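We did not get these values from a lab; they are worked out from the coordinates using the rules stated. Nothing here was measured: the structure is a model prediction, and the numbers come from that model. For neighbour counting, all protein chains shown are included, and Cβ atoms are generated from backbone atoms with ideal geometry for every residue, glycine included.
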Amino acid sequence: MTSTVLARKYRPLSFEAMVGQGHVVQALANALTQQRLHHAYLFTGTRGVGKTTVSRILAKSLNCTGPDGQGGITATPCGQCQPCRDIDSGRFVDYVEMDAASNRGVEEISQLLDQAVYKPVVGRFKVYMIDEVHMLSNTAFNAMLKTLEEPPDYLKFVLATTDPQKVPVTVLSRCLQFNLRPMAMQTVQEHLEQVLTQEAVPFEPGALHLLARAARGSMRDGLSLTDQAIAYGAGRLDEAVVRQMLGSVDRQHLFTILDAVVDGDGPALIDAADNLRRLGLSAQGTLDDLAAALQNIAVLQTVPGLADSDPDKAPWLPLSRRLAPDECQLFYSLALHGRAELALAPDDHAGLLMVLLRWLAFKPAGDRERDHPKAEGPVAAKLAGPSVPVQPVAVREAPGVAVSAQAAVATVAPTVPAVRSSPQQPPVQAAVAPAPRPAQAPTSAPAPAAAPRAPTPDGVTSPDRATVPRAATPPPSSPPAPAPAPAAAQAPRQEQVPPWDDDIPVVDDEPSYMREVPFEHPAESRPIAAAARQAPPARQPVLAPEVPEPAMAAAPQAGQRTVVPVVPTTPLGDRWADLVARMQQDGLLAALVRELAMQAECVDVQESGGASVWRLRVERETLRGDTQRERLTAAVRKVLGDEANIELEAGVAKDTPALREQAARAGRQAAAEHLIQQDPLVNTLLAQYPGARIVSGSIAPL
């Protein structure tokens, strides 16, 4: 005996039997009850959501005569009268269904419209249902526009499509459009339970959950998969059997993968990926299931109480406590992006393995700090490698501030680890500019200003983490260092920037007295550092610690100023620059001619009567062509009004309008930088935030 498939056997026969489309059912039922009927309806939505079903129920509602044959238009067709039975069986002559995918030409549409002039044979209305209407050709759409706009009273159009964007707007404007939404997974699962209960098929809830998720919002797909699962499972639905049929990843495999990632166990992670390959599970499906698992974990991290009410989320509660929220979001994002990269990988499982290994490689910064805590004290000194010897600092102690001065010196002269090993570099001595003397601090004892700490790469312990030795008093025989000149004291110092910051040039011209050394521990050292900052300035320069220069050349460092080029101006250069400006103002220079005028240096002018000869020196050979020279000559003649001629010679041009413009632009830039560096508010911010600095290139003159 043959069996009707579940999708056809359990097709709804009335609006009350439909599930998941309440917004469409309510609108159509109210329109039928109030007799407010439209002549054309357009149903849109993905496959298997009920477009054809709604069309058939609407046709029955329009043509139902009731059990006694005396009924009229109704929202609840009886299903017993002859029109209802004929429509359900597909024999109603006044209800025509046409598949536009196979009848997309103008001939088929014209033939259908030719029959529209005849009244219904047995029903109250003729209903033309055109499925996949977006497949019609443009000529077919044009042929039906007039009839679609003003059809006879007895004719109703029902159009259905899965892609409304391909339907012309002229058709959309003539139809009443309803969008049928994809079914919720819970709705599909509940409907499958009802169907299987009526079919007396034993099932497990987990199996229906897998089928509902695989349906992806399509009730017809869910019923078709259920038919397949019944056949695959020999008349019953077990979760393990359905999972194997769908190729879904077992939850235990997901636990194994996530546990390996949380523990940072690379071998276990690779073994789990190889196990998935041996089982023949899809890499795409694995990433989908991992993304769904991470979604459940993220929800439980936000609302842990859902584990008690939702059995699907309860198994993920232990992982939600072990996995950090930022890691969960990162892994979810990598899983989504990894799905698109599977097509680019050599094979699917290679792409899956790389995504999983990326989870181990890309961890949030906080995770790395937890996994690799910074060493402190003597351990940090050992990890930092060979240290650089520190020059003794000459400091005269003042009464009452001896401890502060020693603390400040200790802060200035830490043991600085070498960023890169370079053999026997000479020590570098830099004079620290003295801080201004506070008005309320009468003093005869200087205290060195705190020097800023150079940026330290991740792998090297910061100097302030290591043990800080006290500065030793120099022997009496050592002569005092000469006091620096005021200009030298105000000169900005360049800090070493690690190689990974080479692409971010910075400018840090703040004076030394505005800087603070971030000294986070121990706690008792903070008041001492504060007292050191308030101590009187030093009268003698303090020698900075020897810092080895990095092996590779660094990008522009903090503290560099804009260099203003010096252009040796000449009277002839002034005349030529003024002439070029007048030609530009009149719009006589364009393209290469303007470039020639800007790059030329006037070396001689000979004037006799009403004629003049301008001899120009041009360095670029491409600009010394006859065409450019003739056009420049014509422009000069228009401005001067005489018979001027241009002679070009090769050579290095030193006073050109372009060089003057460049120098002026650099001067404006330098003035703007100086204005920012001298701004009190900027200096206050730099003093309050030791790590802050002015980024080079972020200052532009107005």
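Things worth noting here:
- Distant-in-sequence amide H partners of residue 203 (H built 1.01 Å from N, under 5 Å): 237
- The range 251-368 - charge dipole about Cα centre, Lys and Arg +1 at Cβ, Asp and Glu -1, debye rounded to 20: 100
- For the range 202-249, the residue among 203, 240, 214 whose Cα projects farthest onto the positive side of the dipole built from Cβ charges is 214.
- Long-range amide H partners of residue 648 with built H, under 5 Å: 616
- For residue 146, net neighbour charge (Lys/Arg +1, Asp/Glu -1) across residues whose Cβ lies under 15 Å away: -2
- Per-residue ³J(HN,Hα) for the range 234-240, Karplus 6.51 cos²θ - 1.76 cosθ + 1.60, θ = phi - 60°, Hz, x for Gly and Pro: 6, x, 8, 10, 9, 4, 5
- Listed peptides 247-260, 140-153 appear in the order 247-260, 140-153 once ranked by packing, highest mean of other Cβ atoms within 10 Å at the front.
- For the cross-link pairs 126/146; 9/313; 9/51; 9/119, the ones whose C-alpha atoms lie over 27 Å apart are 9/313; 9/119.
- Protection proxy ranking for 649-658, 75-84, 338-347, using the average of other Cβ atoms within 10 Å per residue and placing the highest first: 75-84, 649-658, 338-347.
- A simple count of charges around residue 615, restricted to other residues whose Cβ falls under 11 Å of its Cβ and scoring Lys, Arg +1 and Asp, Glu -1, yields -3.
- Prolate/oblate/rounded call for the range 66-190, Cα gyration tensor, a/c under 1.5 rounded: oblate
- Antiparallel DSSP beta bridges within the range 607-678, as percent of all bridges there, nearest 5: 20
- Distant-in-sequence amide contacts of residue 40, defined by a placed amide H-H separation under 5 Å and a gap of 5 or more residues or a different chain, comprise 157, 176.
- The range 571-654: C-alpha gyration tensor shape, a/c 1.5 cut-off, then a/b vs b/c: rounded
- Pairs of Cα atoms nearer than 8 Å and 6+ residues apart set the relative contact order; for the range 571-654 it is 33 percent.
- Protection proxy ranking, peptides 674-684, 609-619, average beta carbon neighbours within 10 Å, highest first: 609-619, 674-684
- In order along the range 252-264, the phi-based Karplus estimate (6.51 cos²θ - 1.76 cosθ + 1.60, θ = phi - 60°) of 3J(HN,Hα) comes to 5, 5, 5, 4, 4, 5, 5, 5, 5, 5, 5, 7, x Hz; Gly and Pro are listed as x.
- Residue-wise HN-Hα couplings along the range 144-151, as the Karplus relation 6.51 cos²θ - 1.76 cosθ + 1.60 with θ = phi - 60° gives them from phi, are 9, 4, 5, 5, 5, 7, 10, x Hz; Gly and Pro carry x.
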